[in-house]
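Undergrad: Right, I'll just put the structure down here and ask away after.
The values are calculated or read from the model by the stated rules, or taken from the named source; none is laboratory data. Please read all numbers here as calculations on a predicted model, not as lab measurements.
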Amino acid sequence: MKLILAIMSNDDSPTVSNALTKEQFQVTRLATTGGFLRSGNTTLIVGTEDERVERAMEVIGEYSRRRSEVIPSTTSYDMGRFTAFPTEVQIGGATIFVIDVEQFVKI
């Protein structure tokens with residue numbers, strides 16, 4: 001038995017969650033915060049048999065794509081003057097942890 005923790009953008013999580021559910025995975029969604037932009041994201045928790053881990057990761061990868069976003073970035077000049085330059089960063093995708101489960105009980 002494995003526990004999958006998949007951290008992804010809030011924008012991707014409904015689609016990923018629905019796709020996993022259609023594949024008969026049981027999914028729990030948690031609202032989380034962190035990452036490079038300190039923005040909200042979602043952590044999906046999926047418990048599954050060892051042989052289904054690869055399929056779950058395929059589904060997650062299919063529906064959580066990386067994309068570019070332009071964010072403002074400030075630069076300091078002399079005497080306390082600042083200016084903003086747009087900076088392109090990569091967002092989206094998923095960070096996935098797969099953990100061995102010693103015991104699983106559903107009460």
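Undergrad: Just need a number here: residues in region 33-69 that are of a type outside the set (Gly, Ala, Ser) and at pLDDT below 90.
TA: Going through region 33-69, the residues of a type outside the set (Gly, Ala, Ser) turn out to be 33, 36-38, 41-46, 48-55, 57-60, 62-63, 65-67, 69.
Filter once more, so that each one left must be at pLDDT below 90: 33, 36-38, 41, 65-67, 69.
Residues in region 33-69 being of a type outside the set (Gly, Ala, Ser) and at pLDDT below 90: 9 in total.
Undergrad: I've got another one for you. Can you tell me how many residues within region 1-25 are small (Gly, Ala, Ser) and within 24 Å of Glu102 (Cα to Cα)?
TA: Counting residues in region 1-25 that are small (Gly, Ala, Ser) and within 24 Å of Glu102 (Cα to Cα) gives 1.
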